[in-house]
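Have a look at the structure below, then the notes.
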Amino acid sequence: MSNTTIAAQLFTLRNFMRTPADIAQSLKKVRKIGYEAVQVSGIGPIDPVELKKIVDGEGLKICATHIPFQRLRNDIEKVIEEHKLWGCEYVGLGAMPDEYRKSAEGYRRFAKEASGIAKKLKDHGLKFVYHNHNFEFVKFDGKTGLDILFEESDKDSFQLEIDTYWVQAGGGDPAFWISKMKGRMDVVHFKDMVMDEEGKQIMAEVGEGNLNWPAIIDACREIGVKWHVVEQDVCRRDPFESLAISLKNLREMGLK
């Protein structure tokens, strides 16, 4: 494998990855597009050993995951075992459960609980990463939920995984938030934003929308991001084509 830093978030392809056969076929397509790494999220049930064989056979690396919070709380030993099997350092959480989102105290409680999980992962050489949406930009007494998470979580074990689209959707500046995470973010999520004819925000392939990619990429370089993960929850064309467009554009922007 080359020294790539670009990966495909498999949640983008979740409708094409429901069975082990689907997963094998889709990962073959991902590798043919040119990706050499993936983030595992949203795929159907598959034995971890079988998934390892498939990615190894295609020459792909599992660089990160998204794991349900319930598993992180109740099945942490198995989660650690799976990540060790896959050679995957980053254990991700895709979103905070609803129960924590209603108040500043809820955010603080989540930060404490998740930090406990993050410390356990760190003890085994793994890193916890938290992926934001736009709801973390609700303010409580003048402070965003994302600020509370950043300040109240353990700085040595709790990493953030800034998502460029969702920061913009929440009214934030993606480059600013990436820069703020210096020392606490190795994995970033890249997706773009455009407006439709009715003025609604919709997701787009990286480089095809309105986000300030020179500033975003400069911020990632500044803080030493290790993995630039392409994700598009909703695609207006074939999701494999969307992933290919994003990869092409990122390479033209100087990422590899």
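Summary table below
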| read-out | value |
| --- | --- |
| Residue under evaluation ILE217, criteria (1) of a type outside the set (S, T, N, Q); (2) surrounded by 15 or more Cβ atoms within 10 Å (Cβ to Cβ); (3) under 23 Å from GLY94 (Cβ atoms), criterion not met | (3) |
| Identity of the residue in the stretch 114-157, hydrophobic (A, V, I, L, M, F, W, C) and more than 17 Å from the chain's Cα centre (by Cα), that ends up farthest from GLY172 (Cα to Cα) | LEU121 |
| Residue match in the stretch 99-106 (condition: under 30 Å from LEU60 (Cβ atoms) and either assigned to a helix (DSSP H, G or I) or hydrophobic (A, V, I, L, M, F, W, C) (or both)) | no |
| Selection status of THR65, within 18 Å of VAL187 (Cβ to Cβ), among the polar types (S, T, N, Q) and free of Cβ contacts under 8 Å to residues at least 40 places away in the same chain | yes |
| Of residues in the stretch 62-89 being of a type in the set (D, E, K, R) and surrounded by fewer than 18 Cβ atoms within 10 Å (Cβ to Cβ), the one nearest to LYS32 (Cα to Cα) | LYS84 |
| Odd one out for ASP196 among (1) at pLDDT 95 or above; (2) on the phi < 0 side of the Ramachandran plot; (3) surrounded by fewer than 20 Cβ atoms within 10 Å (Cβ to Cβ) | (1) |
| Helices (runs of 4 or more DSSP H) contained in the stretch 160-255 and holding at least 3 residues farther than 22 Å from THR144 by Cα and under 19 Å from the mean Cα position of the chain (by Cα) | 213-223, 239-252 |
| Answer residue from the stretch 90-111, given it is surrounded by fewer than 22 Cβ atoms within 10 Å (Cβ to Cβ) and among the hydroxyl-bearing types (Ser, Thr, Tyr) and is nearest to the chain's Cα centre (by Cα) among those | TYR100 |
| Sole exception among (1) among the acidic types (Asp, Glu); (2) in contact with a strand residue (DSSP E or B) (Cβ under 9 Å, 6 or more places away or on another chain); (3) free of Cβ contacts under 8 Å to residues at least 12 places away in the same chain for ASP163, by number | (3) |
| Answer residue from the stretch 136-159, given it is in a loop (DSSP other than H, G, I, E, B) and small (Gly, Ala, Ser) and is surrounded by the most Cβ atoms within 10 Å (Cβ to Cβ) among those | SER153 |
| Selected residue [within 22 Å of VAL40 (Cα to Cα) and either surrounded by fewer than 21 Cβ atoms within 10 Å (Cβ to Cβ) or in contact (Cβ under 8 Å) with a residue 40 or more places away in the chain (or both)] from PHE190, PHE176 | PHE190 |
| Every residue from the stretch 112-135 that is surrounded by fewer than 22 Cβ atoms within 10 Å (Cβ to Cβ) and over 16 Å from ASP75 (Cβ atoms) | LYS112, SER115, LYS119, LYS122, ASP123, GLY125, LYS127, HIS133, ASN134, PHE135 |
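The values are calculated or read from the model by the stated rules, or taken from the named source; none is laboratory data. Bear in mind the structure is a predicted one, so any value in this text is a computation, not a measurement. All Cβ positions, glycine included, derive from the backbone under ideal geometry; neighbour counts span all protein chains shown.
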